[in-house]
Amino acid sequence: MSAPYVPVLFMLALGFGFAALSVFTSLVVGPKRYNRAKLEAYECGIQPTPQAAGGGRVPIKYYLTAMLFIVFDIESVFLYPFAVAFNKLGLFALVEMVLFILTVFVAYAYVWRRGGLDWD
Amino acid sequence: MSEMSSVPWLTLLMVIPLVGSAVVAFLPGSAEQAKRIALGFSLVTLVLGVVAATQYKSGGTAQFQLAEQHAWIPQFGVSYALGVDGIALVLILMSLVLTPVCLLAAWHDVPEDIDGARRTKAYFALLLVLETFMVGVFAATDVFLFYVFFEAMLIPVYFLIGRFGGARRQYAAMKFLLFSLAGGLIMLVAVIALYLQGPGGADGFLIAKLTGLSLDPTTERLLWVGFFIAFAIKAPMVPVHTWLPDAATESTPATATLLVGVLDKVGTFGMIRFCLQLFPNASEWATPLVVVLAVISVLYGALLAIGQTDMMRLIAYTSISHFGFIVLGIFAVTNVAGAGASLYMLNHGFSTAALFLIAAMFIRRRGSKRIPDFGGWQRVTPGIAGAFLIAGLSTLALPGLSSFVSEFLVLVGTFGAHPVAAVLSCTAIILAALYILLWYKRVMTGPKPEGLTGVRDWSLREKWVAAPLIAFFIVIGLYPKPALDVINPAVDKTLSYVHTNAATVAEGSTK
Amino acid sequence: MTAVAPAAFQQANIDYLAVLPLLIVFGAALVGVLVEAFVPRERRHTIQLTISVASLVLAFVAILFATKHQGLTFGYTDGATSRRLFALAIDGPALFMQGALVLMGVLGILIMAERFGGVGSDAFTASGASTPGSPIEAASARAGLITSEVFPLTLFAIGGMMLFPTVNDLIGMFIALEVLSLPLYILSGLARRRRLLSQEASLKYFLLGAFSSAFFLFGTALLYGYAGSVYFGDLSKAVSDTSLGLNGLLVAGAFLVFVGLLFKVGAVPFHAWTPDVYQGAPTPVTGFMAACTKAAAFGAILRLAYVGLDTASWQWQNAVIIVAVLTMIVGAVLSVTQTDMKRLLAYSSIAHAGFVLVGVLAFDQRGVSSVLFYVVAYGFSIIAAFGLVTLVRQDGGEATHLSQWAGLGKSHPVIAGTMAFLMLAFAGIPLTSGFVAKFAVFAAAIGTGGATGTVLVVIGAVCSAITVFVYARVIVLMFFSEPADDTVEVLVPSVGTTFAIAIGTLITFALGVVPSSLLDLADRASQFVR
């Protein structure tokens, strides 16, 4: 009845299986050296300080980077389906895509010129 | 139904004061010069008004003469339509006479302080704007246009009270505005609904198109109520009169005169023009209530007037009493009472103006409005005292002076329809004698007051303020025929709408 | 059942002339961003102002041409089912709104550009990212930094607003909503003075705005679940096709979508942000938002109510009637207690939104034209009013407390007189645009709304009477009171601001005295294309 969904289910199972297998494998073969940082509830390999560097403020640079990442991420999200169906879509879609990329580049130019890409 | 005029008389009567106000407000120059220009414009308007009146043919078949009509907002069915019947004509003429009189009386109303010139200019400009709206509101023959003037008129008065009035002017101005606008907004709903009941179209707001509609009784009554509340607030009737004593007391004499003498007439004028003409059946339905309210107004106003110590307040209460008479005459729906009520509107305008403006003369001299502060003034200012006595006697309707004629006609006309109301109202004649004569006695008689050495009797300017008013009392009191000749056909015409309608209803019910 | 192959790609039909106004505005915004990137700082303000005003004027000309290209565009007609899948509807209401938005946008931008002799716009902070009161802030002000980004941001917002009443499907509407909202969130936080208040306003607006967007999106999902399409045409058809069940989806979806839109017009109970944001945002931005956001959102509400969910109106109209009544009452009553000019105007704008909703609920062509007229009349008045608020100063900052306006009529009669006139317009006094606008919506509501319409109008009239008190109080303060404080001054505006305020006031007057040409235009523009 739901033939089109069988591959999806298969894919799901494969995904879960891979995740479970990885965790299990590292559990078995990995070395076990516990320290304080590793026992933290939120484990990222660094022992957290009571206050973040710079007087309790989280530097905004991280957010800027993350936002920029999202922008280009979205761009590639659009590029993928376009690339897949490029042949069928023809010149019209190519022009549209170029316009789209140009628009993103305008933002990119702004960020670059106004120092958004400088870390310090 | 209306007779078009080749010359736009009524528009001219509105434009000239408006131009005058712009000139006064924006032209550089001294305060004195501005006052003269303002007076000049109002006199030109008066002359033009008289010329226009000569074009009016008493006894024509059309309801409205000197008519003009242009499309204004066709999407809403609104026309710029003006025209006058006899009632509107005399009221317009009254406004045109009272405006220069008030301007003259207002000569020293605004103290000459640092920005005196600017304030004076604003004051006189606002009075002229008011004249434009006064002409407009009586001349409008389109319901929407009437409403526009009816509301817009509030704004100059609001500023006149609030900027130039007495100590509690803010309170009085706000109260005046809120009462009037509350009534106006209720009327707005009725105005919109009325159009939808009519034939509609691009000129569907014309009174002519809305007269004689066969309305569903409930709808007609609701519409009548919407209009009547606005007019009752305007005309001040008990129980929605409370704004008037405050507004009259706190405003300058000239403002008070135009407010009580002319603006409040819009209420009673509206009752004739709209309540009676457009909703005859509902008017008949509501007559008992209105008559009761009118009689209460007559007696309540007169009784309260006796007890007042503030002169301006006293005049305000006498006006409430007189407005009761006018409403009584209107809702008696007889030709005699109707003519009496219409003439009463005219007379009341002049006698109130005389009371306010002449009282203001000795108020200015004494620096107080309180009656106990006076006494023996007929020895100080015999001329003003004499004029005041005539004004007072006219107010209490002494035979031979103008108000007698109208009060008599109202009572005679009402007696046939509502004898009890007429008898009760007659007692107000005695009360009127009390409040006027007591007032006169307290202020004018007695020993000559001390310490008033520098006070002089009236100036030439003040004589000119009083002269036209007193002349009017005597002329109309002895020979009211010309005024009645103009008014009577208009009253007959209006009442014919009521009677035809009543007749058709009666016919329908017998079938 | 085998997998359905995706339909062959079908190229969208685009009438470029019909969408040219949108392209111009968005294109100019992009150019503005490039100007920010490459032009030296000291020349940015002038160039940005020129680009913004020029592009808006150009867009207006393009709108005039687009009137010859009305119809659905940006999509295609499905051959098999003959469904018309078009993303944009260039029709009378859309073009009318676009034209109004562009013109009001010009005035808004002129007031934003006011410099009072400084390097950058007076109303905007030198660097928005610095902490208020910090050394960085002082240093950036000393260095002559300016936030001329406000111009491209405003253009993006105007573009989104123009799109808002034009879109013909729910997804497009959502995108327009976001495009117009995001720049406004930023603009709200850029005030030069009282920056904490401004940042609070920005954050509040953003959080509540995001929340309402989520409502809108959820409603869109439910409506898609109901109709199987996001296009308004399909939606309307699905509702009239009674064989479809699942009314729960329809009602819930319609409610949620309306919540998202009513939030933007500040209707009660979705109004909580309005006073705070109007007060905290830079005053020129407040004026711009009050005029343009409201207009655009009402355009969108009209399209949704008259094209998308018209056949289901009995499902949602009672809810909107309640919202309209609440909006009028709450806006009118709460405005009475306000002591801050900007908050007062904010509550007044809420009350006005209620009056416009009365027109929306008329459900016929006169309702559409009355709403179109109302938002234009109100928009020009409110821009001028907020423009005047920017001029009245004490100690350099804006004197927004009502007591600071006392006696202004004596010291600055022209400014106070103009403000008083605008107040009378908000109060709906005849011979101002406010009266004609109110008359238009009330007449439409009584004419076609039946008993409900009449009740709504009576409530509206009562609320008008209440708001009259508020406006009259401002006039009392300005003209009938003595000045409380001599240090209140009125700055002399530049040509641009003077022009904007004068035009706003003149239009307020002209639409009150000779409204018939705009009414006529609104009448002719009141037909939606489907």
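The values are calculated or read from the model by the stated rules, or taken from the named source; none is laboratory data. All values derive from a computational prediction rather than experimental measurement. Cβ atoms come from the backbone with ideal geometry, glycine included; neighbour counts cover every protein chain shown.
Tabulated values for the structure
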quantity: Checking B:P17 against (1) surrounded by fewer than 24 Cβ atoms within 10 Å (Cβ to Cβ); (2) at pLDDT 90 or above, the condition it does not meet; calculated: (1)
quantity: Single residue of B:G166, B:G183, B:G226, B:G212 found to be more than 25 Å from the chain's Cα centre (by Cα) and of a type outside the set (S, T, N, Q); calculated: B:G212
quantity: From B:Y440, B:Y435, residue being surrounded by fewer than 24 Cβ atoms within 10 Å (Cβ to Cβ), of a type in the set (S, T, Y) and in a helix (DSSP H, G or I); calculated: B:Y440
quantity: Odd one out for B:A467, checked against (1) modelled with pLDDT of 90 or more; (2) surrounded by 14 or more Cβ atoms within 10 Å (Cβ to Cβ); calculated: (2)
quantity: Unmet requirement for C:K410, which otherwise passes all of (1) at the interface with chain B (Cβ under 9 Å from one of its Cβ atoms); (2) crowded, with 20+ Cβ neighbours inside 10 Å; (3) of a type in the set (D, E, K, R); calculated: (2)
quantity: Test for B:A339: is it assigned to a helix (DSSP H, G or I), in contact (Cβ under 8 Å) with a residue 40 or more places away in the chain and under 23 Å from B:L431 (Cα atoms); calculated: no
quantity: Which listed residue, of C:A191, C:A201, is among the hydrophobic types (A, V, I, L, M, F, W, C), touching a residue at least 24 places away in the same chain (Cβ under 8 Å), closer than 12 Å to C:V277 by Cα and touching a Pro at 6+ places or on another chain (Cβ under 6 Å); calculated: C:A191
quantity: Single residue of C:T81, C:T67, C:T147, C:T73 found to be in contact (Cβ under 8 Å) with a residue 24 or more places away in the chain, within 30 Å of C:F528 (Cβ to Cβ) and not in a helix (DSSP H, G or I); calculated: C:T73
quantity: Any chance C:A461 is away from chain B (no Cβ under 11 Å) and either hydrophobic (A, V, I, L, M, F, W, C) or touching a residue at least 24 places away in the same chain (Cβ under 8 Å) (or both); calculated: no
quantity: The stretch B:48-85, residues that are at pLDDT 90 or above, more than 30 Å from C:G512 (Cβ to Cβ) and small (G, A, S); calculated: B:A53
quantity: Those helices (runs of 4 or more DSSP H) lying entirely in the stretch B:63-176 with at least 1 residues more than 10 Å from every other protein chain (Cβ to nearest Cβ) and more than 25 Å from B:V44 (Cβ to Cβ); calculated: B:116-139, B:143-152
quantity: Condition broken by C:F216, with the remaining ones in (1) more than 30 Å from C:G120 (Cβ to Cβ); (2) at pLDDT below 95; (3) surrounded by 21 or more Cβ atoms within 10 Å (Cβ to Cβ) satisfied; calculated: (2)
quantity: Residue, modelled with the highest pLDDT, within the stretch C:162-199, restricted to residues that are among the charged types (D, E, K, R) and touching a strand residue (DSSP E or B) at 6+ places or on another chain (Cβ under 9 Å); calculated: C:D169
quantity: Considering residues of the stretch C:501-530 that are more than 14 Å from chain B (Cβ to nearest Cβ) and surrounded by fewer than 22 Cβ atoms within 10 Å (Cβ to Cβ) only, the residue nearest to the chain's Cα centre (by Cα); calculated: C:I503
quantity: Any hit, the stretch C:259-279, residues being touching a strand residue (DSSP E or B) at 6+ places or on another chain (Cβ under 9 Å) and not in a helix (DSSP H, G or I); calculated: no
quantity: Lone unmet requirement of (1) at pLDDT below 90; (2) buried (at least 24 other Cβ atoms within 10 Å of the Cβ); (3) part of a helix (DSSP H, G or I); (4) among the hydrophobic types (A, V, I, L, M, F, W, C) for B:I315; calculated: (1)
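Condition check ((1) more than 10 Å from chain C (Cβ to nearest Cβ); (2) within 17 Å of C:Q10 (Cβ to Cβ)) across all residues:
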residue	(1), (2)
A:F69	yes, no
A:I74	yes, no
A:L89	no, yes
A:T103	no, no
A:Y108	no, no
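This table checks each residue for (1) on the phi < 0 side of the Ramachandran plot; (2) facing another protein chain (nearest Cβ under 8 Å); (3) at pLDDT below 90; (4) over 25 Å from the mean Cα position of the chain (by Cα).
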site: C:L431; (1), (2), (3), (4): no, yes, no, no
site: C:V441; (1), (2), (3), (4): yes, no, no, no
site: C:A445; (1), (2), (3), (4): yes, no, no, no
site: C:G449; (1), (2), (3), (4): yes, no, yes, yes
site: C:V470; (1), (2), (3), (4): yes, no, no, no
site: C:S481; (1), (2), (3), (4): yes, yes, yes, yes
